[in-house]
Every structure is written in structure tokens, then in C-alpha cells.
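The next block holds one structure in the form of C-alpha cells; read it before the comments.
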Amino acid sequence: MRAAESSPAGPPPSPDAGLEARLTEVARGDQSAFAAVYDAVSGPVFGLVRSVLRDPAQSEEVTQEVLVEVWRTAARFRPDRGSAMTWVMTLAHRRAVDRVRSVAAGAAREHKAALLDQLPAYDEVTEQVETRLEQQRVRRCLRSLTGLQREAVALAYYRGLTYREVAQLLTVPLGTVKTRLRDGLIRLRDCLGVSV
């Protein structure tokens with residue numbers, strides 16, 4: 001009969017029940033309860049984090065971050081939503097994935113920065129000044145052409161007409177237009193100092 005009296009009335013308590021009770025105590029600021037929680041979860045947390053990160057040093061760091069988070073947020077644990085170990089491991093997994101994303105984003109930023117360092121600096125003011133100076137040189141050289149050459153070059157190169165269209169517009173033979181354009185382009189080349 002004594003055996004019957006000493007047997008428990010219900011199912012044996014789950015191993016996680018002790019962890020849940022300890023988390024409740026941790027939520028109240030009990031440091032010795034946290035030491036027990038730390039001993040119970042630090043190994044599994046490190047194993048999970050290590051499987052995600054692969055780097056032992058980062059895994060240790062993230063494990064410590066998770067355990068600090070357990071200490072700070074123990075009051076958020078809700079036994080009706082899952083076991084204590086599941087809650088802790090969820091925190092660990094999220095932290096590990098966040099670290100992977102952070103490292104990947106950092107690598108991407110470094111890669112972009114390296115590419116930007118390789119690009120020459122663009123100076124908009126210098127570019128505008130150089131463009132204006134080049135335009136002035138071209139205008140000056142265009143003024144050195146005869147009126148007929150300048151007219152043919154302007155129609156062909158600034159208005160985009162074909163040689164035949166220039167000849168029709170100026171009512172001159174096609175050969176004359178070609179000669180004027182050739183002579184005008186040679187003078188422009190010489191004036192601008194462009195080598196062939």
C-alpha cells in the first residue's frame with residue numbers, strides 16, 4: 001500500500017517544466033535561476049548557432065547575445081505558446097540568421113565601396129568647363145571655313161541630312177557637296193588639331 005501512496009497522481013513532470021519555472025524566476029530577476037537556465041540551454045544554443053554561422057568565434061559571441069536576451073526578456077516567455085527550450089532556441093535561431101544577414105550586408109557594402117574607390121572621381125564643373133571650351137573651339141574653327149563649306153557641314157552634321165539631301169536643298173550637284181564637305185572637314189581637322 002505504501003507503494004501506491006508514493007506513486008504520483010498524474011504524469012511525470014516534463015524536463016522542460018523545470019526550465020519554465022526557472023524562466024519565471026529569471027523574469028523576476030533571480031540570478032541563481034538564470035545560472036540554472038544558462039547551464040541548461042547554453043550547449044544547445046551554441047550548437048544551433050554554430051550550425052548556422054559555422055564560425056566558432058562568431059558563434060560564441062551570438063550565443064552570449066542570446067543568453068543576455070534570455071535574461072532581459074524572460075518575462076516575454078509564454079508557456080501556452082510553446083516550451084521554454086523552443087522559445088530559447090527560436091531566439092537563438094533568429095539571432096544567428098540576423099548575424100548572417102548582417103555579415104552579408106557588410107560584405108556587400110565593402111564590395112560596393114571597393115568598386116567606388118576604383119571609379120575615377122567625377123567632377124561635374126570640370127566636365128561642363130571642358131565641354132564649353134570644346135564647343136568654343138569648334139565654333140571658332142567653323143568660322144574659319146568658307147560660307148559654302150560651313151553651310152554644307154552644318155546641314156550634314158548638325159541637321160543630320162544625307163549628302164544627297166544637302167545637294168537637293170542647296171540645288172548643287174552631289175559631287176560639289178561631297179567636295180565642299182571633304183575640304184571643310186579637312187580644314188576643321190587641321191584647326192582642331194585632330195590627328196587621323
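The values are calculated or read from the model by the stated rules, or taken from the named source; none is laboratory data. Just so we're clear, the structure is a prediction, and the values are computed from it rather than from any experiment. Neighbour counts are summed over all protein chains in view; Cβ atoms, including those assigned to glycine, are modelled from backbone coordinates with ideal geometry. Quick note on the areas: whole protein, heavy atoms, side chains included, nothing else; ligands and nucleic acids left out. Shrake-Rupley method; radii C 1.70, N 1.55, O 1.52, S 1.80 Å.
In this calculation the C-beta distance from residue 140 to residue 162 is compared with R0 = 25 Å, giving a FRET efficiency of 0.35. What is the angle, in °, between the Cα long axis of helix 56-73 and the longest principal axis of the Cα atoms in the chain? Nearest 10 is fine, range 0 to 90. The helix 56-73 is inclined about 60 degrees to the chain. Across the range 94-173, counting alpha-carbon atoms alone, Rg and Dmax equal 26.9, 81 Å.
Surface composition of the range 50-196: carbon and sulfur atoms hold 53% of the protein heavy-atom accessible area at a 1.4 Å probe. Sequence-distant contacts, meaning Cα pairs under 8 Å at least 6 residues apart, place the relative contact order of the range 102-196 at 27 percent. Quick one: helix 174-192 against the long Cα principal axis of the chain, what's the angle to the nearest 10°, folded into 0 to 90? Tilt relative to the chain: about 60 degrees.
Seen against the Cα atoms of the chain and their longest principal axis, helix 124-143 is set at about 10 degrees. One entry in (1) -0.31, -0.56; (2) -0.37, -0.63; (3) -0.60, -0.80 is log10 I(q)/I(0) by the Debye sum over Cα atoms at q = 0.09, 0.12 Å⁻¹ calculated from the shown coordinates; its label is (3). The range 82-145 and the range 43-64 have Cα centres lying 32 Å from one another. Dipole size of the chain about its Cα centre, with +1 on Lys/Arg Cβ and -1 on Asp/Glu Cβ: approximately 1600 debye, rounded to the nearest 20.
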